[in-house]
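*Asks:* Before we start, here is the structure in question, set down as C-alpha cells.
The values are calculated or read from the model by the stated rules, or taken from the named source; none is laboratory data. The structure displayed is predicted, hence computed values, not measured ones. Please note: Cβ atoms are built from the backbone with ideal geometry, for glycine as well, and neighbour counts cover all protein chains shown. Note: areas computed on protein heavy atoms with side chains; ligands, DNA, RNA excluded. Shrake-Rupley method; radii C 1.70, N 1.55, O 1.52, S 1.80 Å.
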Amino acid sequence: MKYEIAKGISLTTIPTTKFKNNKLVMNFTFPAQHQNYAKLALLAELLENCSAQYNSELLVSRQLSKMYGDSFGVTVLRYGNQHTLQVSITFPNDKYLPPKSELTTEILAFLKEMIEDPFIEGDQFNQAYFQIHQGNMIHYLDSIQDNKEFFSTLELQRLYYQNDPDHGHFLMGSHQEMSQISAQELYTFYRWVLNTAKITILAGGDLIDDQLVAGFKEFASFTDRMPEDYQLRVVPAPISKVQQGTKVIAGSQSVLSMAYELPIYFGDDDYFAAVIFNQLFGGSSRSLLFTNVREKNSLAYDIHSGYNSLVGMVTVQAGIDFKDENRVIQMVADQLQQTSDGQYSDELLDGVKQALINQHRSEADHLGSLIEKQYLQQMMGFSLSDTKWEQQVASVTPSQIAQVAKRLTLRAIYQLNSRGDA
C-alpha cells in the first residue's frame, strides 16, 4: 500500500509475516550534483552517530541495545541521476518480544530524534563532534588509493564521464572538498535537505499501516514540498576516441579496468537480454571471461564484468601481471565477439539463466532485498511479478544476446600498472 504523508513525501508498506524482523528505509533524494557529494557524505556520518539526546556514539549504541539490538545506519547512494541520503533501521517484530511491547512506537521516536534533532550548537553542528567525524572522513578518502580495485574503479569512472563531474566524481567527494566544509555550512545544508528533498519511505514486515502513517506525520520537518523533476537515466556525452589513463604503482599485481557504453536501461525491452549477456560475458564464475582468460589461459588472478542498468554501462576489471596487459585486452575483445557470434554452449546459457532465477528466488528470503527491489521498481515505473520475471529470463534467445553484444562501445580503459616493481 502507498500513503501520502505530505506532498513530496510517501510511505509504501510491504506487508509480510515471513520474517521475525521489520525494516524501515527512508530515502531523501534530489538531483545528483557533485558540489553536494562531500557534504552529504559527512552529514550521513553525523546523523548516524549522534543526536541532541544521544550525544555520543556510546549513547546511540546503548539506546539501540535497549531496543533489542536494532541495526541502524545512514548512508549515501547514487541511483543514476539521483543523489540519496538513506536512513534505515531493522528491529524485531513485537510478536517475538515480551507481552505489551510497543517497539514500533519507540523506533519512530528514535528516528525522529536522530533525523530532526541533531547535535548542534546554535546554527552549527557541535564543533568538537564535527571535527572528529570530518577527520574520519578525510582519513577514509586518503585510504582509498590503498584499495587497488576500488581506486581503479573510481579512476575509470572519471575517464568514462570526462567533463561530467556529477557522474565522474566519487560519491563521497575528495579530500579537499571534505576538509573545506565548516560546521555552520553543513548545518545549513542539512536544513536544505530536510526541507526540500523528496522523501520515499518503505516499510517491510508485519507492521500496522495506520500506526506508521500517524507516526511519520508527527515528524515536524515532513511538510509539503515540490521536488524537482529529473530523468533517472544517465546518458553520457559522445566521445571521439577511447579515453585512457595509467598510473604506475609498486607491487606485483596490476589492475586493468575497461568501461563500455550499453544504451539499454532498466525496464527497456532488451533489459533481460542485457542482464543475461553480462552473466555470459563476465558476470559469473562460468562466464566466458572467467573461463577463457583466467581458467584456461591463466592471464588473470581474477576477472569479472558488471552491468549498471541505470547508467547504461558495462565494466570489466581484471587483476593481472603487467606484461600480459595487451593480451588480456585482446582476449576481452575476443570474448565479446564470441558472445556476439553465439559461440557458447546451450548448457552454459541454460545454466546462467537458472542461476539468475535461483538468485532472484533467494532474494525473497531477505527483507532488505524485497525493499530494495520495490524501491527500484517504484523509481523506474517498471514492475513485474516474480513469475513474469522468470518467464522473461527464460525466454531470452541467443539472437537477442548477440544484438546486445553488438551495441557495446568501448569508452574508457584505466591501467593501474605495477610494472613488476617491488
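*Asks:* Being in contact (Cβ under 8 Å) with a residue 40 or more places away in the chain, touching a Phe, Trp or Tyr at 6+ places or on another chain (Cβ under 8 Å) and within 17 Å of residue 291 (Cβ to Cβ) is the requirement here; does residue 376 meet it?
*Replies:* It is false that residue 376 is in contact (Cβ under 8 Å) with a residue 40 or more places away in the chain, touching a Phe, Trp or Tyr at 6+ places or on another chain (Cβ under 8 Å) and within 17 Å of residue 291 (Cβ to Cβ).
*Asks:* Moving on to the next point. What residue, among those in region 275-291 that are open to solvent by 20 Å² or more (accessible area, probe 1.4 Å) and more than 23 Å from residue 311 (Cα to Cα), is nearest to the chain's Cα centre (by Cα)? It would help to see each step written out before you state the result.
*Replies:* Of region 275-291, the ones open to solvent by 20 Å² or more (accessible area, probe 1.4 Å) are 275, 279, 283-286, 290-291.
Keeping just the survivors that are more than 23 Å from residue 311 (Cα to Cα) gives 285-286, 290-291.
Numbers: 285: 22, 286: 25, 290: 24, 291: 28 Å.
Checking each candidate, the answer is 285.
*Asks:* May I ask you to list pairs of residues, at least six apart or on different chains, whose Cβ atoms are under 8 Å apart, with the first in region 397-415 being touching a residue at least 60 places away in the same chain (Cβ under 8 Å) and the second being buried (at least 17 other Cβ atoms within 10 Å of the Cβ) and acidic (Asp, Glu)?
*Replies:* Once the first residue is touching a residue at least 60 places away in the same chain (Cβ under 8 Å) and sits in region 397-415, its partners that are buried (at least 17 other Cβ atoms within 10 Å of the Cβ) and acidic (Asp, Glu) give 400/270; 403/270; 404/270; 408/261; 409/261; 411/261; 414/155; 415/325.
*Asks:* Of the residues that make up region 41-60, is at least one within 26 Å of residue 206 (Cβ to Cβ), open to solvent by 60 Å² or more (accessible area, probe 1.4 Å) and either touching a Phe, Trp or Tyr at 6+ places or on another chain (Cβ under 9 Å) or of a type in the set (Ser, Thr, Tyr) (or both)?
*Replies:* Checking region 41-60: not a single residue is within 26 Å of residue 206 (Cβ to Cβ), open to solvent by 60 Å² or more (accessible area, probe 1.4 Å) and either touching a Phe, Trp or Tyr at 6+ places or on another chain (Cβ under 9 Å) or of a type in the set (Ser, Thr, Tyr) (or both).
*Asks:* How many of the residues making up region 389-422 are outside any helix (DSSP H, G or I) and of a type in the set (A, V, I, L, M, F, W, C)?
*Replies:* Adding up the residues that qualify gives 7.
*Asks:* Name every residue in region 215-254 that is surrounded by 12 or more Cβ atoms within 10 Å (Cβ to Cβ) and among the aliphatic types (A, V, I, L, M), in order of residue number.
*Replies:* Correct list: 232, 234, 235, 239, 242, 248, 249.
*Asks:* Determine, yes or no, whether residue 84 is assigned to a strand (DSSP E or B) and without any contact (Cβ under 8 Å) to a residue 60 or more places away in the chain.
*Replies:* Spelling it out, residue 84 is indeed assigned to a strand (DSSP E or B) and without any contact (Cβ under 8 Å) to a residue 60 or more places away in the chain.
*Asks:* When you scan region 213-229, do you find a residue that is in contact with a Phe, Trp or Tyr (Cβ under 9 Å, 6 or more places away or on another chain), in a loop (DSSP other than H, G, I, E, B), charged (D, E, K, R) and modelled with pLDDT under 95, even just one? Don't jump to the end; show me each part of the working.
*Replies:* Taking region 213-229 first, the residues in contact with a Phe, Trp or Tyr (Cβ under 9 Å, 6 or more places away or on another chain) are 213, 216, 222, 227-228.
Next cut, in a loop (DSSP other than H, G, I, E, B) only: 222, 227-228.
This time we only want the ones that are charged (D, E, K, R), so: 228.
Next, only the ones that are modelled with pLDDT under 95 stay: 228.
Scanning region 213-229, I find at least one residue that is in contact with a Phe, Trp or Tyr (Cβ under 9 Å, 6 or more places away or on another chain), in a loop (DSSP other than H, G, I, E, B), charged (D, E, K, R) and modelled with pLDDT under 95, so the answer is yes.
*Asks:* Another question about this same structure. Which of the residues that make up region 28-79 are within 16 Å of the chain's Cα centre (by Cα) and in contact (Cβ under 8 Å) with a residue 60 or more places away in the chain?
*Replies:* 28, 29, 30, 31, 32, 37, 40, 41, 76, 77, 78, 79
*Asks:* Among the residues of region 93-120, what is the count of those that are in contact (Cβ under 8 Å) with a residue 12 or more places away in the chain and outside any helix (DSSP H, G or I)?
*Replies:* Going through region 93-120 one residue at a time, the tally reaches 6.
*Asks:* Would you mind stating whether residue 406 is out of contact with any Leu (no Cβ under 9 Å at 6 or more places or on another chain), open to solvent by less than 40 Å² (accessible area, probe 1.4 Å) and among the basic types (Lys, Arg)?
*Replies:* Numbers: out of contact with any Leu (no Cβ under 9 Å at 6 or more places or on another chain): yes; open to solvent by less than 40 Å² (accessible area, probe 1.4 Å): no; among the basic types (Lys, Arg): yes.
Spelling it out, it is not the case that residue 406 is out of contact with any Leu (no Cβ under 9 Å at 6 or more places or on another chain), open to solvent by less than 40 Å² (accessible area, probe 1.4 Å) and among the basic types (Lys, Arg).
*Asks:* Tell me whether region 302-325 contains one or more residues that are small (Gly, Ala, Ser), out of contact with any helix residue (DSSP H, G or I) (no Cβ under 8 Å at 6 or more places or on another chain), at pLDDT 95 or above and open to solvent by 30 Å² or more (accessible area, probe 1.4 Å).
*Replies:* no
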